[in-house]
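Every number here is computed from the coordinates shown, using simple stated rules; none is lab data. Quick caveat, the model's predicted, so the values are computed rather than measured. Positions of Cβ are generated from backbone atoms using ideal geometry, with glycine treated the same way; all protein chains shown enter the neighbour counts.
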Amino acid sequence: MATLIDKPLEVCKDHYLLKIDIGISLSHPGQFANIKIGKNDPLLRRPFSIFDHKENIIEIIFKVVGKGTEILKNICKAGYLDVIAPLGQGFSITENKNTLLIGGGVGNAPLYYLAKQLKAKNNIVNYLYAARSKDYIFFEDKYRLISNTFYLATDDGSGGRKGTACDISGELAGGSGYDIVYTCGPAIMMAGIVRIFQNPDTRIEVSLENYFGCGIGLCSGCAVETNAGIKRACVDGPAFDGRVIDWGSLLQ
Amino acid sequence: MNTSVKIGSLILKNPVTVASGTAGYGEELSAFVNLAELGAVFTKGLSLEPREGNKGPRIIETSSGVLNSIGLQNVGLKAFLKEKLPFLLSKNAVVIPNIAGHSIDENIELCKILSETEGISALELNVSCPNVEQGGMAFGRDIRTFSKLLRKARKATKGILIVKLSPNVDDVAAFAKAAEDFGADAVSAINTVLGMKIDVKSRKPYFLRKSAGLSGPAIKPIAVRIVYEIFERVNIPIIGLGGISCFEDMLEFIMAGASAVSIGTMNLVNPSVASDCIAKLEEYMVKEKINDINELVGIAHR
């Protein structure tokens with residue numbers, strides 16, 4: 001039984017923060033919460049990655065993109081919320097490594113929780129925060145504080161440097177010596193990141209956000225083609241080794 | 001108080017089952033539901049060899065429903081027998097595999113092997129999947145092909161044979177009658193309703209196979225009507241399904257003539273809904289002073 005602690009808080013344009021008591025104190029960065037909104041319409045749950053987790057309270061940042069998130073944003077009071085969490089396989093947590101985290105838009109959300117845990121395990125956290133424009137950046141200070149090096153980029157140059165996540169990654173990839181790159185954002189961006197970091201010694205982990213039916217492995221609706229056959233993004237992921245994904249099939 | 005119902009000679013402890021394609025092989029669902037408490041588990045449509053399912057988008061929500069084009073992705077017979085069935089039996093589930101071969105021969109082979117396998121309570125023959133090129137609904141829309149398959153499947157099946165019907169025909173009850181005539185023990189009605197989505201950005205059908213199967217609460221009135229019509233034409237039990245989201249929905253199906261029901265799409269949304277229905281059934285029977293659930297089957301016709 002989950003409880004929404006407070007009504008949704010706007011954190012930047014079209015993005016909202018939810019604090020939910022899920023009665024569970026343990027989750028893994030990259031895992032998600034599956035939230036039921038309304039009775040039969042919208043019908044399916046909506047999956048959201050975990051932005052932070054303290055004691056029994058998870059925090060979620062979502063972007064308003066359609067009917068479900070529109071209703072969610074307009075919840076006007078705290079109280080019962082139908083949530084199944086945590087679900088899915090999260091990112092791997094390394095120790096004593098040089099890491100680079102690359103988030104695009106709302107895809108930055110799970111990477112904050114990841115950065116916190118990487119920091120606690122003595123990793124160097126380099127963070128590239130990419131967004132469409134200055135208006136779409138949430139909690140810049142939190143990301144800055146948690147990172148050893150912080151890069152900010154916007155498509156239109158209104159915040160940080162002008163350029164996309166892939167533009168900046170192209171520069172960072174040269175001679176950087178990252179042990180592991182973690183990325184979450186639009187599929188086209190993550191496909192680009194996987195292409196850019198070609199050194200096989202650099203591990204790449206991605207978090208997929210394709211359309212989920214159930215989020216618990218029942219329907220096989222979120223099937224992803226990989227070099228090890230069809231995988232379900234919801235239970236085999238959402239975090240995957242970026243090099244096993246057949247990006248062509250995802251981008252169709 | 002009796003909540004048990006009969007499907008041929010098979011006794012289900014209660015009428016609440018979970019539908020093929022929405023329960024996998026029970027593994028994931030077992031985190032939310034005690035499989036032993038269910039009337040039965042209908043497992044994912046099975047073929048002799050593993051199937052990867054369809055390419056491209058496979059599922060999308062519609063108003064109060066879901067369109068899917070999964071394409072019978074399954075582990076194949078060998079892995080089913082070796083890995084999936086033992087798991088289900090270890091949880092004391094009543095297992096009813098759904099048979100979804102491409103060809104008549106493949107279906108017959110599956111009927112033969114599975115009906116002789118210990119631990120399998122009944123078979124459900126899928127003649128109604130709209131999402132594959134060969135087999136599936138092709139068997140369920142033409143009465144002659146349907147009859148031909150049925151005759152052979154009946155002969156090949158040692159135990160209880162259930163036929164899952166397509167709603168995408170003029171007269172579903174005529175197919176139910178044919179199933180009864182050829183010796184089927186029960187029918188399941190309905191499979192998904194053919195639908196389509198156009199992606200307005202690309203100006204093309206959203207699914208690569210163009211049409212897809214619609215399920216969920218959106219189709220419930222269609223399913224209830226079909227169960228009602230079948231009940232008037234056959235004497236074999238009906239397993240009613242199509243958009244059941246709560247106990248009241250399940251009662252509608254029973255009153256329309258279903259001896260048992262399956263929860264389908266709603267497992268994806270609320271995986272404990274089958275458990276909730278079982279709990280509510282008992283409460284309801286106490287409150288309404290109903291001694292035997294079978295008293296309610298088809299009561300809307302009386």
For the B:N34, A:A78 Cβ pair and Förster radius 22 Å, calculated FRET efficiency rounded to 0.05 is 0.10
In nanometres, the difference between 0.36 nm per residue of separation and the alpha-carbon distance of B:L194 and B:R225 is 9.5 nm
In whole angstrom, how long is each semi-axis of the equivalent ellipsoid of the protein assembly as shown, when you take the square root of 5 times every eigenvalue of its Cα gyration tensor and sort them from largest down? 46, 25, 20
Does the range A:83-160 classify as rounded, prolate or oblate by the C-alpha gyration tensor (a ≥ b ≥ c root eigenvalues; a/c under 1.5 gives rounded; else a/b over b/c gives prolate, otherwise oblate)? oblate
DSSP-defined beta bridges in the protein assembly as shown - what % are antiparallel, rounded to 5: 50
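Relative to the Cα centre, what is the charge dipole magnitude of the protein assembly as shown, using +1 at the beta carbon of each Lys and Arg, -1 at the beta carbon of each Asp and Glu, and rounding to the nearest 20 debye?
Computed about the Cα centre, the dipole is about 620 debye.
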Just how large is the dipole of the range A:98-250 about the Cα centre, in debye to the nearest 20, putting +1 at every Lys and Arg Cβ and -1 at every Asp and Glu Cβ? 320
Please compute the modelled spin-label separation between B:E116 and A:K116, points set 7 Å along Cα→Cβ, answer in nm with one decimal. 5.9
Can you list residues whose amide H is under 5 Å from B:L194's amide H, if they're 5+ apart or on another chain and H is modeled 1.01 Å from N? B:L214
Would you kindly derive the ³J(HN,Hα) couplings of the range B:224-239 from the backbone phi angles with the Karplus curve 6.51 cos²θ - 1.76 cosθ + 1.60 (θ = phi - 60°), listing them in order in whole Hz, with x for Gly and Pro? 4, 4, 5, 4, 4, 5, 5, 4, 6, 10, 10, 9, 6, x, 10, 9
Karplus 3J(HN,Hα) series, Hz, for the range B:167-174 with 6.51 cos²θ - 1.76 cosθ + 1.60 (x for Gly, Pro): x, 8, 9, 5, 9, 4, 4, 5
Debye, to nearest 20: dipole size of the range A:2-87, +1 on Lys, Arg Cβ, -1 on Asp, Glu Cβ: 240
Quick check on packing: order B:212-218, B:259-265 by the mean number of other C-beta atoms within 10 Å, highest mean leading. B:259-265, B:212-218
Amide H contacts under 5 Å for B:L241, placed H, 5+ residues apart: B:A189, B:I190, B:S262
Please report, ordered by residue number, every helix of chain A (full DSSP H runs) that is 15 Å or longer along its axis going by C-alpha atoms and whose mean Kyte-Doolittle hydropathy reaches -0.5. A:109-120
Of B:K44/B:K210; A:K36/A:K119; B:K44/B:K155; B:K13/B:K148, which pairs sit farther than 26 Å apart, going by alpha carbon to alpha carbon? A:K36/A:K119; B:K13/B:K148
Could you rank the peptides B:272-281, B:184-193 by their average count of other C-beta atoms within 10 Å per residue, with the highest value first? B:184-193, B:272-281
Could you sort A:217-229, B:285-297 so that the peptide with the highest average Cβ count within 10 Å comes first and the rest follow in order? A:217-229, B:285-297
In whole angstrom, how far apart do the alpha carbon centroids of the range B:9-29 and the range B:89-146 sit? 15
Given axes a ≥ b ≥ c from the Cα gyration tensor, I'd like to know whether the range A:113-213 is rounded (a/c under 1.5), prolate (a/b larger than b/c) or oblate. rounded
What's the local net charge at A:A173, with K and R +1, D and E -1, over the other residues with C-beta under 12 Å away? -1
Expressed as a whole number of Å, what is the distance separating the alpha-carbon centroids of the range A:7-85 and the range A:88-165? 21
For chain A, what does -39500 (n - 2.57) per DSSP helix run (n ≥ 4), summed and divided by total residues, give at 222 nm, in deg cm²/dmol to the nearest 500? -5500 deg cm²/dmol
Rounded to whole Hz, the Karplus (6.51, -1.76, 1.60) HN-Hα couplings of the range A:224-240, x for glycine and proline: 10, 7, 10, 6, 10, x, 6, 10, 9, 4, 6, 10, 7, x, x, 7, 9
Pairs to check: A:K7/A:K39; B:K91/B:K280; A:K13/B:K55. Give those whose C-alpha atoms are more than 29 Å from each other in this structure. A:K13/B:K55
Given backbone amide H placed at 1.01 Å from N, residues whose amide H is under 5 Å from that of A:T226, ignoring those fewer than 5 places away on the same chain, are A:K231, A:D246
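With runs of 4+ DSSP H residues as the only contributors, calculate the mean residue ellipticity of chain B at 222 nm using -39,500 (n - 2.57) per run, divided by the residue total and rounded to the nearest 500.
-9000 deg cm²/dmol
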Averaged over the residues of A:32-39, the number of partner chain Cβ atoms within 10 Å of each residue's own Cβ comes to 1
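Taking a ≥ b ≥ c as the square roots of the eigenvalues of the Cα gyration tensor of the range B:5-301, is the shape rounded (a/c under 1.5), prolate (a/b larger than b/c) or oblate?
Because its axes are fairly even, with a/c under 1.5, the range B:5-301 counts as rounded.
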Excluding residues on the same chain fewer than 8 positions from A:K121, give the lysines whose Cα lies under 20 Å from its Cα. A:K54, A:K97, A:K142
